[in-house]
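Have a look at the structure below before the remarks.
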Amino acid sequence: MGKTTHNTFCRFCHANCAMLADVEDGRVVAVRGDPEDPVFGGYTCIKGRQLVEAHYSPERLTSCQIRSEAGNFSPIATEAALDIIAAKLRGIIDEHGPHAVAIYGGTYAFQNSAGVATATAFAQGIGSRNIYTSVTLDQPAKVYTTMRYGMWEGGMHSFDTADVCFMIGNNPLVSHYAPPGSLPPFSPSRRLRDAQERGLKLIVADPRESDVARLADIHLPVLPGEDAALLAGMIHVIIEEGLYDRNFVGAHVDGFEELASAVKPFTPEAAGARCGVEASQIVDAARMFATANRGVASTGTGPEMAGNGTLTAWLVASINIICARFCQEGELSSIPRVFTTKTPRRAQVGAPIPLFGEGFPKSRFRNLTHLGTEMPCNVLADEILTPGEGQIRALINIGGNPVVAFPDQEKITRALDSLELLVSVDVRMAQTAKRSHVVLAPRMCLERDDISNLSEWWYEAPYARYTRALVPPPGDLIDEYAILWGLAKRLGTGLPLAGGPCPMDALPDKASFLDLMAAGCTVPPSKVRDDTPDGKAIIYDDLHPRVEAPDPDTAHKFQLAAGAMPSMLDAYRLDAKPNQGFDFRLVSRRTKHRFNSTGGHLSALKAKRTTNPAHIHPDDLAALGIEEGALVRIASPAGTVIGVAEASFSIRRGIVSMAHAWGDAGEDGSAVREIGTGTNRLVKETVDYDPITGQSLQSAIPVRIEAI
């Protein structure tokens, strides 16, 4: 058979870049960006361009694996593996109840368009409260805490119409991630360059001069973990100088006086002393943001991982609210979305919606509850290790790698090793998979159907994709949704979906499953499939909603004093933590050549880096007597890791910057140059955690650095 070319999209990360894939003799032989795609215009990143090797790497699992009592793995047929897992789960549920079974949807559960929804449905079907996802590892506050203040139904300003953009701790040129309204992950360098050429002003707050900070009109080199002080200082200036939108605040905001009172002590000088930014820069940034007509403030994962995530998210919401950064009646609504449940798009505040606390399933630990439909990852290790009613005894890990991603590596590893059943759905023997009792090898992205439901939260037009499987999978491998369907069928528990119960007599095809999953959306997945027989993207311009007039029968306002947030800001002001002998702060960072823990086994990516260096200012290295490339000992109150020193003028003194999710459990540093090191060994989830989300401190970690 000759070579054929097909439209598809990448699922290495959440950007879902449009691609062309060449197929020959049932194998993908090449991938590249699609220059005709109306959103991506041919853009792909170096990670996505490795999809061919990822599919055919010698490390890829082409069959499911089962571990013997001696610890050795051997192949097993998928259906036989599901039989064994289901029998074990049935015994655990019958003896200990449904909460004894947990499911974790990691990074790659999100890259399958049915992954997280199926995982949630599986947990709900068996009656377990224990559903976890990677969202609560790095950004739960922005996802789950801000709706209690109210949400503008018409949507926030989008990047394509912005004349200012304020990024706090996000570096989308590398991460390909920014919340809606900020720089979309579609050829981000070009998008930012074009926006600046048309007059966009860019403000970036980051302890280091990141890729995007180098392009900023104002770079605010905030101290790690002190974003709240910076934001409070900017809001102070905006209020004191009357730069906020008085009409909008008067009509749509309650709690403004409480906000103003809470930020009053944060004068530019006081805020600057706390956050390490010059007072004049705080004033300039506040004026630049507030005097612009359109554009939003947003955070990356860094500020939430650095502590005070809920407080920071409230302040970001507050600065956007008082400056009225929302689409108004008659305008096109931002982020229209095709596959997400339709919601009203009106020029009004929707009712505040608490997504945690009273009425939500409660963990046995730290007074934490569900966030939306999921339990915070902060409690998983304790829920496994602690005896009693509800103790977790079985965990199904879908596309995740808790060994290197969760805080307190020693504890989470000990917890995983204690389980009666650990199942990992993974394409290779990653750090967590190799500790599992059974590893279920799934189909990879070019071997399955998918829709662009994850990435549509960044699309500024009603852009949609339905991609078909391009090549057959190896052996008897099946899709993740089919894996969980097979377990639910064996258990007799079912899969409740938005459109009703999933049929359990025979496995639905992917399109039918996605239709049930996305019931109530603008265009059903099967309709998008039928509208795009060539697999190209489609933009439903006629379905782009315009912001409608407000409903006269509803009268909600933003609640800026909800949850006693002004008091939380005051408590933060009075709680400046001393160094206690740990004079450096370790901050997390992204890298172009990894997506969390994925990519290190691929040759082109491995050639770029085999370790996660400890980036340190050259003057700090000199003061410590450490040469570039030398091994260094990095110690926190919780643990110690070994790193490879790398000089960097892009970060301020007193900071060490390292990527997370590297290394392996039990490492002694001898292989740090080959596999890196896990910064999650430096933190414990029972201290310095957010009291609402459970978010553990995984950045701005107090450390000291020593030569070895």
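The values are calculated or read from the model by the stated rules, or taken from the named source; none is laboratory data. All figures in this text were calculated on a predicted structure; none of them were measured in a lab. Heads up, the Cβs are rebuilt from the backbone with ideal geometry, glycines too, and the neighbour counts pull from every protein chain shown. What goes into the accessible areas is simple: the full protein's heavy atoms, side chains included, and nothing from ligands, DNA or RNA. Shrake-Rupley method; radii C 1.70, N 1.55, O 1.52, S 1.80 Å.
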Cross-link partners of residue 362 among aspartates and glutamates (Cα-Cα below 15 Å; sequence separation of 8 or more within a chain): 374, 382, 383, 389
Cα gyration tensor, segment 428-495 - rounded (a/c under 1.5), prolate or oblate: prolate
Euclidean distance of C-alpha centroids, segment 349-385 and segment 625-663, integer Å: 34 Å
Part-to-part distance (alpha-carbon centres) for segment 140-179 and segment 406-450, which is given in Å: 31 Å
For residue 240, solvent-accessible area (1.4 Å; no DNA, RNA or ligand), Å²: 110 Å²
Cα-projected label distance for residue 194 with residue 373, points at 7 Å along beta-carbon direction, nm: 3.5 nm
R0 of 25 Å, Cβ-Cβ distance residue 341-residue 548: FRET efficiency to nearest 0.05: 0.90
FRET efficiency for residue 673 and residue 623, using Cβ-Cβ distance with R0 set to 25 Å, rounded to 0.05: 0.55
Carbon/sulfur fraction of accessible area - the chain, other protein chains in place, 1.4 Å, %: 51 percent
Straight-distance crosslink candidates among lysines, where the alpha carbon sits under 19 Å from residue 510 and sequence neighbours closer than 8 are dropped: 489, 527, 536
Dipole-positive endmost among 340, 281, 365 within the chain (Cβ charges, Cα centre): 365
Global geometry of segment 533-589, whether rounded, prolate or oblate, following the gyration tensor of its Cα atoms and the 1.5 cut on a/c: oblate
Rg followed by Dmax, in Å, when the chain is reduced to its Cα trace: 24.7, 73
Hz values of 3J(HN,Hα) by residue in segment 263-274 - Karplus curve (6.51, -1.76, 1.60), Gly and Pro given as x: 8, 4, x, 8, 4, x, 5, 5, 5, x, 4, 7
Cα gyration tensor shape for segment 355-506, rounded if a/c is under 1.5, else prolate or oblate: prolate
Probe 1.4 Å, accessible area per residue of the chain, Å²: 36 Å²
Per-residue SASA entry for residue 227, accessible area with 1.4 Å probe, Å² rounded to 10: 10 Å²
Residues in segment 117-135 reached by a label modelled at residue 362 [backbone nitrogen below 15 Å; 7 Å Cα→Cβ]: none
Inter-label distance for residue 90 and residue 68, nm, one decimal - labels placed 7 Å from Cα along Cα-to-Cβ: 2.7 nm
Whichever lysines have a C-alpha closer than 16 Å to that of residue 557, once near sequence neighbours (fewer than 8 apart) are set aside: none
Added length on full extension, which subtracts the Cα-Cα distance from 0.36 nm per residue, residue 428 to residue 261: 54.7 nm
Spin-label model distance (nm) - residue 161 vs residue 27, 7 Å beyond Cα toward Cβ: 5.0 nm
